[in-house]
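For reference, the structure is listed below as structure tokens.
The values are calculated or read from the model by the stated rules, or taken from the named source; none is laboratory data. Please read these numbers as outputs of a predicted model, since none were measured by experiment. FYI the Cβ positions are ideal-geometry reconstructions off the backbone, even for glycines, and counts take in every protein chain you see.
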Amino acid sequence: MRFLGLDVGLKTTGVALSDATGSIASFQESLRGYKDARELALLVAEKAKACGAESFVIGKPLHMTGEESSLFLEIKKTGDLLAEMTGLPVAYWDERLSTCAAEKSMLEGDLSRRKRKKRIDSISAQWILQGYLDYLQEKSCP
């Protein structure tokens, strides 16, 4: 099963895609220039169709205490619209520290500040999606 992972933001959304076996996530791109949840959902629905995604995994912003942040309501609008538009399932996955992990991996890879800024959202989406895929693999192992 191919999953499309999203790190949804108000201005930029990172996109990641799993391989066909649902084992490995890779960053794809960052979407910019959308004005609201509906416009973002339309863009993502097109991407999902083009790449053959069968499910969405969206980063769920939580406080360090585990409580949902106020941003989650806005992100959930996008998820609800995606489910409605595509008929595909939507899962939410804890995105705490995904941006920090993405930043650290890019620093270790010696990427320039400009390249880090351009890729941070898509690499965060990759971290979110890979966490979810790892969870599914652990859950399916006896």
- For segment 73-85, the count of residues that are buried (at least 19 other Cβ atoms within 10 Å of the Cβ) and closer than 23 Å to Leu133 by Cβ equals 4
- Could you grab me the full set of residues in segment 1-29 that are over 16 Å from Tyr132 (Cβ atoms), polar (S, T, N, Q) and over 10 Å from the mean Cα position of the chain (by Cα)? Thr12
- Checked pairs for segment 128-142, first under 14 Å from Phe3 (Cα atoms) and surrounded by 10 or more Cβ atoms within 10 Å (Cβ to Cβ), second modelled with pLDDT of 90 or more and of a type in the set (Val, Ile, Thr), C-beta under 9 Å and 6 or more apart or across chains, list as Ile128/Val57; Ile128/Ile58; Leu129/Val57; Gln130/Ile24; Gly131/Val57; Tyr132/Val57; Leu133/Ile24; Leu133/Val57
- Task: Would you be able to tell me the number of residues in segment 35-65 that are in contact with a strand residue (DSSP E or B) (Cβ under 8 Å, 6 or more places away or on another chain) and among the hydrophobic types (A, V, I, L, M, F, W, C)?
- Result: 10
- Message: Among (1) in a strand (DSSP E or B); (2) over 13 Å from Ile123 (Cα atoms); (3) of a type in the set (Asp, Glu), there is one condition Glu74 misses while meeting the rest; what is its number?
- Response: (1)
- Message: Let me confirm something: among Met1, Met64, which residue is surrounded by fewer than 19 Cβ atoms within 10 Å (Cβ to Cβ) and out of contact with any Lys or Arg (no Cβ under 7 Å at 6 or more places or on another chain)?
- Response: Met1
- Subset of segment 18-57, residues part of a strand (DSSP E or B), free of Cβ contacts under 8 Å to residues at least 60 places away in the same chain and either closer than 23 Å to Lys139 by Cβ or not aliphatic (A, V, I, L, M) (or both), comes to Arg32, Ser55, Phe56
- Note on the structure: The condition from (1) of a type outside the set (D, E, K, R); (2) under 14 Å from the mean Cα position of the chain (by Cα); (3) surrounded by fewer than 23 Cβ atoms within 10 Å (Cβ to Cβ); (4) over 14 Å from Val90 (Cβ atoms) that Ala45 misses is numbered (4)
- Message: Within segment 104-120, does at least one residue satisfy the condition of being closer than 28 Å to Glu46 by Cβ and modelled with pLDDT of 85 or more?
- Response: no
- For segment 22-35, state whether one or more residues are in contact with a helix residue (DSSP H, G or I) (Cβ under 6 Å, 6 or more places away or on another chain), closer than 16 Å to Trp93 by Cβ, at pLDDT 95 or above and surrounded by 19 or more Cβ atoms within 10 Å (Cβ to Cβ). yes
